[in-house]
Amino acid sequence: MQLVVARIGRAHGIKGEVTVEVRTDEPELRLAPGAVLATDPASAGPLTIETGRVHSGRLLLRFEGVRDRNAAEALRNTLLIADVDPDELPEEEDEYYDHQLIDLDVVTADGTPVGRITEIAHLPTQDLFVVERADGSEVYVPFVAEIVTGIDLEEQRAVIDPPPGLIDDRAEIASSREGEEKA
C-alpha cells in the first residue's frame, strides 16, 4: 500500500535542499536518510533521501542527485509516497493510518447511518473525515475525541457524537426554525 508522507515545498539555500510539508505522524521512520520514495508526478522520482534536518521548525531534505537550487525548485509541489505494509499498525493505540479509515461506515451513537469516509483531510489545526452521504453530498467531521467517539476496524465503522448542526440536513434545520418561529 502506498501513502503520501510529504509534499515538497520551496528550495532552501543553493545546495539542493528543500522544505517539506510533513503528512505523516512518523517522519523519523518515513523520511529518514536512505528512504526511497515514489513521487506524484511519477516523472520526478523515485527519490532517495540523502540527508534531513530541522531548521527553524521546518524539515529540510536533500535527495541523492539533487545538487543545486534549480534542481530542488523543479521538485516543488511533488508528493512523496512511501510503500507501507497494509498490516502495519501505528505505534499508539488510538492512532490510525488513513488507509485504515477510508471506506469506514460512519454512524451516530444511536446507530443512525451518516455515510462513508472517502477521504481524510489533513489540515494544520486538525484532521477531518470527508464523509459521503447516501444522497452524494459530503459532510466534514472533525477527527477529535469529543466528536469521533469510537473506531471499530473489525466492524468497519466510525461512531460519532456530532454537535447540533454538524450533520443535520439544511432542510431539517430550516423546518425546525420555521416551527420555532410559528410557536
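For the residues Arg7, Arg62, Arg23, the requirement of being buried (at least 16 other Cβ atoms within 10 Å of the Cβ), over 10 Å from Leu80 (Cβ atoms) and of a type in the set (Lys, Arg) singles out Arg62. Exactly one residue out of Gly136, Gly115 is over 20 Å from Thr24 (Cβ atoms), surrounded by 14 or more Cβ atoms within 10 Å (Cβ to Cβ) and not polar (S, T, N, Q), and it is Gly115.
Taking the criterion of being in a loop (DSSP other than H, G, I, E, B) and modelled with pLDDT of 90 or more, would at least one residue in the stretch 97-105 satisfy it? Yes, the conditions are met somewhere in the stretch 97-105. For the stretch 118-138, the tally of residues that are over 30 Å from Arg58 (Cβ atoms) and within 16 Å of the chain's Cα centre (by Cα) stands at 2.
Here is a check on your reading of the model: is Leu75 under 24 Å from Val20 (Cα atoms), part of a loop (DSSP other than H, G, I, E, B), out of contact with any Gly (no Cβ under 7 Å at 6 or more places or on another chain) and at pLDDT 90 or above? It is true that Leu75 is under 24 Å from Val20 (Cα atoms), part of a loop (DSSP other than H, G, I, E, B), out of contact with any Gly (no Cβ under 7 Å at 6 or more places or on another chain) and at pLDDT 90 or above.
The values are calculated or read from the model by the stated rules, or taken from the named source; none is laboratory data. The model shown is predicted, which means the values in this text are computed figures rather than measured ones. Note that we place each Cβ from the backbone using ideal geometry, even for glycine, and neighbour counts take in every protein chain shown.
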